[in-house]
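Derivation of every value follows stated rules applied to the coordinates shown; laboratory data play no part. As the structure is a prediction and not an experimental result, all values here were calculated from the model. Using ideal geometry, Cβ is built from the backbone for each residue, glycine included, and neighbour counts are taken over all protein chains shown.
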Amino acid sequence: MAELRQLRHDDLEAVLEVYHDAVISQAPGRYSTAQIRAWAGHATRDPQVRLALQRGFGLVSVQPALAQRIEAFALLDPGDRLSLLYCRGSASRQGHGQALVRALEGHAKAAGCPCLRTEASQFSRPLLERLGWHLEAEETVTFAGEPFVRWRMIRDLL
């Protein structure tokens, strides 16, 4: 069974590796080869991702049986926005994402946040909908010259 713990500064390289693995292993069939290439490299190209990981409130899901290897992570940045949610392909659909989202919802609620918002990918939208998040709008953004459709979603915490 996986365990959750707070993201630490020394986890930065490990979570960037999880980010890359999540995209490379799960995006084929959902995104084009060019989109996958652009997205997989985004976290290492864009310094804002590292800055968000350092300033936000993050949790990681670790597997004790695998020497505490980080299997998934999620981040609130700022405190009312789920800004990152990634899981290794080999650990997907095992409850890591759900546990992380629920824990971050609890953290935000305890901090007095009335609702959370996010921009969901094709990966996270179905999970978030199952967890009670609601679609607000569809939008298109560009990473490394490639267009991506994503969905703005919200979750009332009251």
Where the only charges are on Cβ atoms (+1 Lys, Arg; -1 Asp, Glu), what is the dipole of the chain about its Cα centre, to the nearest 20 debye? 160
When the chain is treated as a Gaussian network with springs between alpha carbons less than 10 Å apart, the largest mean-square fluctuation among TYR86, TYR19, TYR31 is found at TYR31
Kyte-Doolittle mean at least 0.0, axial Cα span of 20 Å or more - DSSP H helices of the chain: 12-26
If you rank THR140, THR44, THR118 by fewest surrounding Cβ atoms within 10 Å, what's the result? THR140, THR44, THR118
In the Gaussian network model of the chain, springs joining C-alpha atoms below 10 Å, which of LEU59, LEU127, LEU85 carries the largest mean-square fluctuation? LEU127
Structure-based [θ]222 nm, the chain - -39500 (n - 2.57) summed over DSSP H runs of at least 4, per residue, nearest 500: -11500 deg cm²/dmol
In a shell of Cβ-Cβ distance under 13 Å around LEU53, excluding LEU53 itself, what net charge do Lys and Arg (+1) and Asp and Glu (-1) give? -3
